[in-house]
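The values are calculated or read from the model by the stated rules, or taken from the named source; none is laboratory data. Since this is a predicted model, take the numbers as computed values, not measurements. When we count neighbours, we look across all protein chains shown, and the Cβ atoms used for this are built from the backbone with ideal geometry, even at glycine. Keep in mind that these areas ignore ligands, DNA and RNA; they rest on the heavy atoms of the full protein, side chains included. Shrake-Rupley method; radii C 1.70, N 1.55, O 1.52, S 1.80 Å.
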Amino acid sequence: MPDSRVPNAAPKPNGHDRAAGPDTIDRAFHRAQVNKANAQKSTGPRTAAGKQRSSLNAWRHGLTGQTVVLPSEDQSAYQRHSQSFLDEYRPKDATEIQLVQSLLDTAWQVNRAAAVETNLFSLSITEMEDRVRASHPEAETALAMALAYREHNRAFANISAYRQRLTRQFERTLVLLRQIQAERRKNEERQLDNAAKILKMHNDESLPGQLSPYNPADDGFVFSSAEIETYMGREERRQRANNHDFEAHA
């Protein structure tokens with residue numbers, strides 16, 4: 001029998017019902033349509049902070065996916081910082097590129113840590129100046145700095161430990177990069193010397209007026225003939241300079 005407390009109350013669908021009634025289906029369909037319409041109205045972040053956070057995807061490292069440049073930092077400054085390292089070390093293969101990338105990112109983080117430490121000191125001194133009194137402004141500043149360091153010593157210790165860890169990582173990476181590049185240059189010099197000898201032999205053995213072009217790739221070299229000739233010219237000048245120096249001191 002229907003519930004006498006609610007006149008004409010219709011039975012509510014429950015988990016035991018084989019199917020929902022027409023009214024329930026209509027309401028569910030209406031809710032789905034409303035949700036779909038609301039989703040289509042979304043245009044992404046609206047505030048400046050939200051847009052800045054969403055732009056982080058463009059500032060992520062292409063290999064690791066880690067955020068290298070923070071939203072508060074200058075992307076163009078990071079690019080100039082990166083280019084300075086690339087210009088200095090001139091990596092030639094994937095391994096050298098990876099090491100230089102690690103080097104410049106670590107250096108960027110070391111500089112950031114130093115800036116954070118300075119900013120923390122400045123903020124803390126400003127907060128502590130009202131708590132100390134001295135007869136001279138410089139004395140007040142010194143006391144405020146000491147008080148700031150005492151009350152934030154853990155934060156300063158963490159920053160210091162972080163900087164030291166990054167500095168050690170930078171030094172290890174730099175040593176490895178220099179070792180790899182020195183070995184690569186030594187191998188290139190050896191290969192260029194061999195290629196120069198073969199090119200000279202090729203030129204000497206060619207008949208007058210019938211000099212055929214030499215292809216270094218035939219002997220497994222990755223250098224062009226122009227690069228080999230440049231090396232030969234440099235070595236000839238170096239030899240002349242050594243002879244000149246010897247004669248000057250004879």
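Yes/no per residue for (1) free of Cβ contacts under 8 Å to residues at least 12 places away in the same chain; (2) touching an Asp or Glu at 6+ places or on another chain (Cβ under 6 Å); (3) hydrophobic (A, V, I, L, M, F, W, C):
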site: Leu104; (1), (2), (3): no, no, yes
site: Arg112; (1), (2), (3): no, no, no
site: Ser122; (1), (2), (3): yes, no, no
site: Ala139; (1), (2), (3): yes, no, yes
(message) I'd like to check something: does the range 141-153 contain any residue that is under 30 Å from Thr106 (Cα atoms) and of a type in the set (S, T, N, Q)?
(response) yes
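Only one of Ala226, Ala250 is in a helix (DSSP H, G or I), without any contact (Cβ under 8 Å) to a residue 24 or more places away in the chain, loosely packed, with under 10 Cβ neighbours inside 10 Å and among the aliphatic types (A, V, I, L, M); which? Break it down stepwise before answering.
Numbers: Ala250 fails: in a helix (DSSP H, G or I).
Answer to the selection: Ala226.
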(message) I'm trying to understand the selection: among the residues of the range 152-185, which are touching an Asp or Glu at 6+ places or on another chain (Cβ under 9 Å) and either under 30 Å from Val100 (Cβ atoms) or not hydrophobic (A, V, I, L, M, F, W, C) (or both)?
(response) Ile159, Ser160, Arg163, Leu177, Ile180, Gln181, Arg184
(message) Please pick out the residue among Leu120, Leu176 that is modelled with pLDDT of 90 or more and either in a helix (DSSP H, G or I) or over 30 Å from Pro91 (Cα atoms) (or both).
(response) Leu176
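For the subset of the range 110-121 comprising residues that are open to solvent by less than 60 Å² (accessible area, probe 1.4 Å) and of a type outside the set (A, V, I, L, M), which member is nearest to Glu171 (Cα to Cα)? I'd like the intermediate steps shown before the answer.
Of the range 110-121, the ones open to solvent by less than 60 Å² (accessible area, probe 1.4 Å) are 110, 112-115, 117, 120-121.
Okay, now just the ones that are also of a type outside the set (A, V, I, L, M), so 112, 117, 121.
Numbers: Arg112: 17, Glu117: 21, Phe121: 27 Å.
Looking at residues that are open to solvent by less than 60 Å² (accessible area, probe 1.4 Å) and of a type outside the set (A, V, I, L, M), I get Arg112.
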(message) Give all pairs with beta carbons closer than 6 Å in which a residue from the range 147-169 that is modelled with pLDDT under 85 meets a residue that is of a type in the set (A, V, I, L, M, F, W, C) and surrounded by 13 or more Cβ atoms within 10 Å (Cβ to Cβ); count only pairs at least 6 apart in sequence or on separate chains.
(response) Leu147/Met128; Ala148/Ile125; Ala148/Met128
(message) Just to be sure before I move on: is Val68 buried (at least 17 other Cβ atoms within 10 Å of the Cβ), within 26 Å of Gln181 (Cβ to Cβ) and at pLDDT below 90 in the structure I sent?
(response) yes
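Take Asp218 and decide whether it is closer than 30 Å to Ala94 by Cα and surrounded by fewer than 10 Cβ atoms within 10 Å (Cβ to Cβ).
Numbers: closer than 30 Å to Ala94 by Cα: yes; surrounded by fewer than 10 Cβ atoms within 10 Å (Cβ to Cβ): yes.
In short, yes.
State the number of residues belonging to the range 70-109 that are acidic (Asp, Glu) and in a helix (DSSP H, G or I). Don't jump to the end; show me each part of the working.
Taking the range 70-109 as the starting set, the residues that turn out to be acidic (Asp, Glu) are 73-74, 87-88, 93, 96, 105.
With the extra rule that they be in a helix (DSSP H, G or I), the set shrinks to 87-88, 96, 105.
So the count comes out to 4.
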(request) Take the range 81-101 and flag every residue that is loosely packed, with under 13 Cβ neighbours inside 10 Å and under 18 Å from Glu171 (Cβ atoms). (result) Glu88
(message) Going through Asn242, Asn203 one at a time, which residue ends up being part of a helix (DSSP H, G or I) and either on the phi > 0 side of the Ramachandran plot or open to solvent by less than 70 Å² (accessible area, probe 1.4 Å) (or both)?
(response) Asn203
